[in-house]
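Written out below as structure tokens is the structure these notes cover.
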Amino acid sequence: MKTRHIICFFIGLLALCACDDMFEPAKENFRQLDDLAEESDYAHGLLMYAYGSLPYMNTTQTDVATDDAVSNAKSNAYMEMAAYGSWQSDNDPMSQWVKCKGGIQYVNLFLTIVDKTKWAPSAESKQQMFTDRLKGEAFALRALLYYYLLQAHGGYADDGILYGVPLLTTPEDGSSDFNQPRATFTKCVQQCFADCDSALMYLPYEYIDVFDDDEIPAKYRSLGANYSSFNLVFGYKAEGLMSAKIVEAVKAQIALLAASPAFREQSGVTSADAASLCAIVLKHNGGLDGFDPTGNIWYKNTSKLGPGSAEMPEILWRESREDGHNNSSQEADNFPPSLYGNGRVNPSQNLVDAFPMRNGLPITDPASGYNPQDPYLNRDPRLSDYIIYNGTTFRRIDIITGYYANSKGEFHDNVDKLPYQSTRTGYYLKKLLRDDVAPAASGSEIKQWHVYPRIRYTEIFLAYAEAANDAWGPKADPTGIGFTAYDVIKAIRQRAGLGTNEIGQPLPEGDVYLEACAADKTLMTNLIRNERRLELCFENKRFWDLRRWMLPINEPIRGMEITRIEETGTLVYKVKEDVEKREFDSSYQWFGPIPKSEVLKFSNLKQNKGWY
């Protein structure tokens, strides 16, 4: 992970730790571990490689393998695994095996030399501060990389035991025994927690500059540190690196995974454990007082997207503001063809139907007021924030996805005219896109900055609600945290504008559906899952959520077909039931495979049940 702040830090680090041959070609093309202790720039590179192994995605990709969307691309690996049944142990687009295991090897190597490396030999305080911070980053990275391995490859083998992955905490070399068995899921989670706890011993809560020596921890002040040297190591220029705030959130994510229905029986982690860890993160952010009132549309806050702008209260951890984030690529991929885009991600009718009415009632409720022949009237405002549907005005263009011409007599956004650019479902993606961008195909490209969040506070709020409801029910707070699952979902729905009339005024009866769910734990579970689906849609979460909840993964994808009666101009809406089938097998594909090549090479490596 190379960022502006990391680069700035790295330059400062090199200045502190200058070597005689820093800018001279090395005599050899490799470094031995003993050499790394003398050349801190190379040693630090191991940690940077581990950052680079993190599997975060900057664009909507895996959602097209779920019930939330399809792709209009001729060939898409995620679509093929979902629609054509091509997901195999030797063809796994979701695999994290190689990348994350490689990152763990870099971390393990780094941890063998971090205490011996001369980070700042001329100043004892700087040497200790760099050692501590880098060591903390390494432990945090290893926990996070194991989390992604567990999410992708944890599962039950034929012997009925829930396994994780081989657990390696020391680097492998030519003399290592590579035929290592998978550790149990429980042991892997315990190692993740232990690494998080180790990281918390060394890392600051967040990277901020101090302006007085008295603000420096006594440990470093006793070694002679002043606020200038402290800021070099722990100040704002290190923003974006692993911090205690991020580690707390990662630990909560690990706990939620382990306490989910797919893993809880043998993971050793309870929903109460997960809720308590989520609560730590949220309390440090002010609890419900820290809830961002515009957090569900953070990507529209254009004044805070570029370099030098303030942090967003919704974003707990984001990718840094690099030059590569000033682009038009997301819009070129996903704008409708009338806006010179390729319309790649097509939201499903399944997802559209999950958005309730503005009054908060599901569209299936007879009292909701839903009209199937005027299906977008008085809907949850998030629907128009996240999805382009027929008649949406976007960038001053009326987007027509129906089977009739727009006011200019054109069909640009209809699938029949541009089959590999237009929507297959009657919908286009809107969330995450900037309406002030123009793709290169327009002939006058306009680039803009984009934010790529890694962890949002809304995700942690939803994780708390899920775990707390499961552990204690909708309105119980036995630990005195100060808020309940109900309180969180109420805040999320109020922010979305639910429980209001068509002009946004609160309804006298309030959000009646929320209140009904608050009296029933099962109803609240379903509501929380639906709110997570809506709030985190197109952020590459749905694939993993369906599996950890053990929900149906083979639901066929539906769309909307819209025609017009020319004599009257009346639009006719008809749900398309057969846009795309899902060929997943719930008997075993809730858990991903171990790569076939690894199982063939190493006899001690058990495969997950059902995979070959």
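Summed over the range 572-581, the residues that are in contact (Cβ under 8 Å) with a residue 60 or more places away in the chain and open to solvent by 50 Å² or more (accessible area, probe 1.4 Å) give a count of 3. Candidates in the range 362-413 are the residues that are of a type in the set (D, E, K, R) and open to solvent by 20 Å² or more (accessible area, probe 1.4 Å); of these, the one that is nearest to TYR573 (Cα to Cα) is ASP374.
Quick check, is ALA463 under 27 Å from MET57 (Cα atoms) and of a type in the set (A, V, I, L, M, F, W, C)? Considered against the rule, which asks whether it is under 27 Å from MET57 (Cα atoms) and of a type in the set (A, V, I, L, M, F, W, C), ALA463 comes out as yes. For the range 398-418, filtering for residues that are at pLDDT 90 or above and closer than 23 Å to ARG434 by Cα leaves 4. Of the residues contained in the range 272-295, none is found to be buried (at least 16 other Cβ atoms within 10 Å of the Cβ), in contact with a strand residue (DSSP E or B) (Cβ under 6 Å, 6 or more places away or on another chain) and not in a helix (DSSP H, G or I). Please determine whether any residue of the range 255-262 is surrounded by fewer than 22 Cβ atoms within 10 Å (Cβ to Cβ) and either at pLDDT below 95 or closer than 30 Å to GLU445 by Cβ (or both). No, the range 255-262 contains no residue that is surrounded by fewer than 22 Cβ atoms within 10 Å (Cβ to Cβ) and either at pLDDT below 95 or closer than 30 Å to GLU445 by Cβ (or both). Total residues in the range 464-488 satisfying the condition of being part of a loop (DSSP other than H, G, I, E, B) and either of a type in the set (A, V, I, L, M) or at pLDDT 95 or above (or both): the figure is 7. Taking GLU248 as the residue in question, decide whether it is within 16 Å of PHE185 (Cβ to Cβ), acidic (Asp, Glu) and part of a helix (DSSP H, G or I). So GLU248 fails the test. Of all the criteria given as (1) in a loop (DSSP other than H, G, I, E, B); (2) open to solvent by less than 60 Å² (accessible area, probe 1.4 Å), the one not satisfied by GLY174 is (2). Please go through the range 108-129 and pick out each residue that is within 21 Å of ARG221 (Cα to Cα) and either open to solvent by 70 Å² or more (accessible area, probe 1.4 Å) or among the basic types (Lys, Arg) (or both). Residues satisfying the conditions are ASP115, LYS118, PRO121, SER122, GLU124, LYS126. Screening the range 552-571 for residues that are surrounded by fewer than 17 Cβ atoms within 10 Å (Cβ to Cβ) and either among the polar types (S, T, N, Q) or closer than 27 Å to ILE297 by Cβ (or both) and picking the one that is nearest to the chain's Cα centre (by Cα) gives ASN554.
Within the range 211-233, the residues that satisfy the criterion of being over 37 Å from the mean Cα position of the chain (by Cα) and either in a helix (DSSP H, G or I) or aliphatic (A, V, I, L, M) (or both) are ASP213, ASP214, ARG221, LEU223, ALA225.
The values are calculated or read from the model by the stated rules, or taken from the named source; none is laboratory data. Just so it is clear, the structure is predicted and the values come from calculations on it, not from any experiment. Here the Cβ is made from the backbone with ideal geometry for all residues, glycine too, and neighbour counts use every protein chain on show. Remember, those area values only see protein heavy atoms, side chains included, never the ligands or the DNA or RNA. Shrake-Rupley method; radii C 1.70, N 1.55, O 1.52, S 1.80 Å.
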